[in-house]
Ligand SMILES: [Zn+2]
């Protein structure tokens, strides 16, 4: 509340028409204020042992307590309690790892109960304008990593968590020999109606012989990473499914986002089914521990800015880009992981900066 009042005092009504998701990046000085706010929060939040933390929290039927999956640290720093708002009927606790800074839900969802979250009704809202916006987002991200996705001919692609097939549709159009897997049977059915050559399957990759055979040139995870309860196991599997020279693409919410620092528990990345929240600091740990050789990031300025459809004044647009570059890389994180040296050699050139990983 005080911040809103201070904002009014400092900026007047000049930025009232700028959407909330862009405001923190265009108001002068706000980036530094939010960063300072975040540092203060981290300093003040208590750090406790897992035992102490367990005593504070009730454990739901499908839940379990976790230590940090990235570094093994068991101590907990409770940070937020997001809720869906009145009437949404969900709330959970987000903790920070005091050693490596990883943010995760604790208690978390037990992997064997994950299916409960996606069993039915999950695919309904993925249509119409929503679908068109999704596909634009996929196109923009592929463009950010060009030329990796430009030509799919004679290349095998696996879309993990393929939903109703919106990405697979773009992939088959680009010539990829494309496959998908998903945990929602309804989505798989819808996807197979939509697609002509590409095919999706219900279940895990190892359940489908054509997919379990591996040899993929590309694996994609569109808004899937935050949903994985056992990311290390999954990524070891992805690594083994990649062919020499293969790459893996990740789009996920960015736990270093200035918007998280500004809005805390109300951040758009804290959605009902998200379990873990990665940043450019913790994703390299996950990749290094599961056998990947390199990683590159592409900043995300927002879909309307990148597509050129924003209503923002060009000067503010420029300022937003600058602040995204200086702070966090944007509200979404775009990651390209390289399986081996061959992959780095083939795709690592151009504007991409590849960071080599060491297990
Ligand atoms: Zn950690």
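Observations on the structure shown:
- Any hit, region 207-214, residues being more than 13 Å from the chain's Cα centre (by Cα) and at positive phi: yes
- Looking only at residues of region 281-317 that are assigned to a loop (DSSP other than H, G, I, E, B) and within 15 Å of the ligand (Cβ to nearest atom), we find that the one that is nearest to residue 62 (Cα to Cα) is 282.
- Looking only at residues of region 258-274 that are in a loop (DSSP other than H, G, I, E, B) and in contact with a helix residue (DSSP H, G or I) (Cβ under 6 Å, 6 or more places away or on another chain), we find that the one that is nearest to residue 235 (Cα to Cα) is 274.
- Applying the set (1) in contact with a strand residue (DSSP E or B) (Cβ under 9 Å, 6 or more places away or on another chain); (2) closer than 25 Å to residue 266 by Cβ to residue 86 leaves exactly one unmet item: (1).
- Matching residues, region 74-94, being modelled with pLDDT of 95 or more, outside any loop (DSSP other than H, G, I, E, B) and either surrounded by fewer than 14 Cβ atoms within 10 Å (Cβ to Cβ) or within 16 Å of the ligand (Cβ to nearest atom) (or both): 76, 77, 78, 79, 94
- Count of region 102-114 residues which are more than 16 Å from residue 42 (Cα to Cα) and near the ligand (Cβ under 10 Å from one of its atoms): 0
- In region 61-70, residue surrounded by the most Cβ atoms within 10 Å (Cβ to Cβ) [restricted to those that are more than 16 Å from the ligand (Cβ to nearest atom) and assigned to a loop (DSSP other than H, G, I, E, B)]: 62
- Counting only residues that are modelled with pLDDT of 90 or more, closer than 12 Å to residue 295 by Cα and not in a strand (DSSP E or B), region 332-359 holds 10 of them.
Per-residue answers, yes or no, for (1) within 16 Å of the ligand (Cβ to nearest atom); (2) under 20 Å from residue 271 (Cα atoms); (3) outside the structural domain of residue 284 (by the TED database); (4) not in a strand (DSSP E or B):
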position: 8; (1), (2), (3), (4): no, no, yes, yes
position: 17; (1), (2), (3), (4): no, no, yes, yes
position: 28; (1), (2), (3), (4): no, no, yes, yes
position: 32; (1), (2), (3), (4): no, no, yes, yes
position: 54; (1), (2), (3), (4): no, no, yes, yes
position: 59; (1), (2), (3), (4): no, yes, yes, yes
position: 72; (1), (2), (3), (4): yes, no, yes, yes
position: 100; (1), (2), (3), (4): yes, no, yes, yes
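- For residue 255, the stated conditions hold: it is crowded, with 23+ Cβ neighbours inside 10 Å, touching a strand residue (DSSP E or B) at 6+ places or on another chain (Cβ under 8 Å), closer than 23 Å to residue 300 by Cβ and at pLDDT 95 or above.
- Number of positions in region 226-250 that are crowded, with 20+ Cβ neighbours inside 10 Å and part of a strand (DSSP E or B): 6
- Taken together, the residues in region 176-187 that are modelled with pLDDT of 95 or more and either surrounded by fewer than 22 Cβ atoms within 10 Å (Cβ to Cβ) or closer than 24 Å to residue 116 by Cβ (or both) amount to 3.
- Within region 284-327, the set of residues being under 16 Å from residue 234 (Cα atoms) and in contact with a helix residue (DSSP H, G or I) (Cβ under 8 Å, 6 or more places away or on another chain) comprises 286, 287, 289, 290, 291, 292.
- Meets criteria (more than 30 Å from residue 313 (Cβ to Cβ) and exposed (fewer than 15 other Cβ atoms within 10 Å of the Cβ)) for residue 57: no
The values are calculated or read from the model by the stated rules, or taken from the named source; none is laboratory data. Predicted, not measured: the structure shown is a model, and the values here were computed from it. Glycine also receives a Cβ, built like all others from the backbone with ideal geometry; neighbour counts cover every protein chain displayed.
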